[in-house]
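The values are calculated or read from the model by the stated rules, or taken from the named source; none is laboratory data. Not measured: the values here are computed from a predicted model. Cβ placement follows ideal geometry from the backbone for every residue including glycine, while neighbour counts extend to all protein chains displayed.
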Amino acid sequence: MSTPSLHDEIVGRIRDMIFAGEFIGGQRVPEKLLCQQLSVSRTPLREALKVLAAEGLLTLLPNRGARVARMTADDVDEMFPVMGVLEGLAGEIACNRITDDQIDEIRALHYQMAAHHKRKELAPYFKLNQQIHGKIFAATGNGTLGSIYDSLTGRIRLARYRANFSYERWDQAMAEHEEILEALSDRDGPRLASVLKRHLENTCETVKEVIRAMDDENVQAKGAAGP
């Protein structure tokens, strides 16, 4: 297994911080603090911020650093139907092309993910979750589809992570992944497409609930702080 480069490590660490809610939407990225925490200089840090901006997680400010992208319910309504169509198409194509070895690999990831779910370990669960979705796209062998997926996956990934802040939705998502594995193992393209779309639709609704709750908390916090 190859060792991740310093650049990839910095990108990964900051991405994890954003997913975990250490930085909230609209917040300026504290570059000096991150340099100290990650033991890096400004140059590699800023290169990492450019990558995260390309993923849609950050917004670069001309000569003023970067700000964490703010996600609204309208953004979710706009992104998720597009990803739903892509995932459904990927599911149908993958069922026609996937090999037994690829299914076995996804099955192994699924069981690891289930163990993390049982222990309520969100971060490792989520990484395996995203690997599974990525491997379904990879199994299509369709470079164009994969490129479009990659261009959307950053902000979608953040939204999906936040959906798991609800334990009820997390349990539901795990059950849906059982259906995904079963349909994939049976190479049932129409069923897999249907499950993937429903999986995303349910996530979409939960994400909007989380966003509204966070917005309400911010309003209350500002009110408590006074004028």
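Being farther than 29 Å from Ala175 by Cβ and not assigned by TED's automatic domain parsing to the domain that holds Ser185 is a property that holds for Leu45.
Looking only at residues in region 140-181 that are hydroxyl-bearing (Ser, Thr, Tyr) and under 18 Å from Lys197 (Cβ atoms), the one that is surrounded by the fewest Cβ atoms within 10 Å (Cβ to Cβ) is Thr153. Looking at region 1-99, the helices (runs of 4 or more DSSP H) lying wholly inside it that each contain 1 or more residues that are of a type outside the set (Gly, Ala, Ser) and within 19 Å of Tyr161 (Cβ to Cβ) sit at 6-19, 42-54, 73-97. The single condition from (1) surrounded by 16 or more Cβ atoms within 10 Å (Cβ to Cβ); (2) closer than 18 Å to Gly134 by Cα that Asn96 fails is (1). Close contacts from region 99-118, counting a first residue that is under 23 Å from Arg169 (Cα atoms) and in contact (Cβ under 8 Å) with a residue 40 or more places away in the chain and a second that is among the β-branched types (Val, Ile, Thr) and assigned to a helix (DSSP H, G or I), with Cβ to Cβ under 9 Å and a gap of 6+ residues or different chains, come to Ile106/Ile132; Ile106/Ile136; Ile106/Ile180; His110/Ile132; His110/Ile180; Met113/Ile132. Among the residues of region 49-88, write down those that are modelled with pLDDT under 85 and among the hydroxyl-bearing types (Ser, Thr, Tyr). If the condition is that a residue be modelled with pLDDT under 85 and among the hydroxyl-bearing types (Ser, Thr, Tyr), then Thr72 is the only one that fits.
When residues in region 33-54 are screened for being loosely packed, with under 12 Cβ neighbours inside 10 Å and out of contact with any helix residue (DSSP H, G or I) (no Cβ under 9 Å at 6 or more places or on another chain), 4 of them pass.
Do we find a residue being surrounded by fewer than 21 Cβ atoms within 10 Å (Cβ to Cβ) and touching a Cys at 6+ places or on another chain (Cβ under 9 Å) anywhere in region 203-213? Looking for residues that are surrounded by fewer than 21 Cβ atoms within 10 Å (Cβ to Cβ) and touching a Cys at 6+ places or on another chain (Cβ under 9 Å), one finds none in region 203-213, hence no. Scanning region 55-75 for residues that are in contact with a Ser or Thr (Cβ under 9 Å, 6 or more places away or on another chain) and buried (at least 19 other Cβ atoms within 10 Å of the Cβ) yields Glu55, Gly56, Ala66, Val68, Ala69.
Quick check on this structure: which one of Gly56, Gly25, Gly65 is in contact with an Asp or Glu (Cβ under 9 Å, 6 or more places away or on another chain) and of a type outside the set (A, V, I, L, M)?
Numbers: Gly56 fails: in contact with an Asp or Glu (Cβ under 9 Å, 6 or more places away or on another chain); Gly25 fails: in contact with an Asp or Glu (Cβ under 9 Å, 6 or more places away or on another chain).
The match here is Gly65.
Restricting region 162-214 to residues that are among the basic types (Lys, Arg) and modelled with pLDDT of 95 or more leaves a set whose member that is nearest to Gly84 (Cα to Cα) is Arg191.
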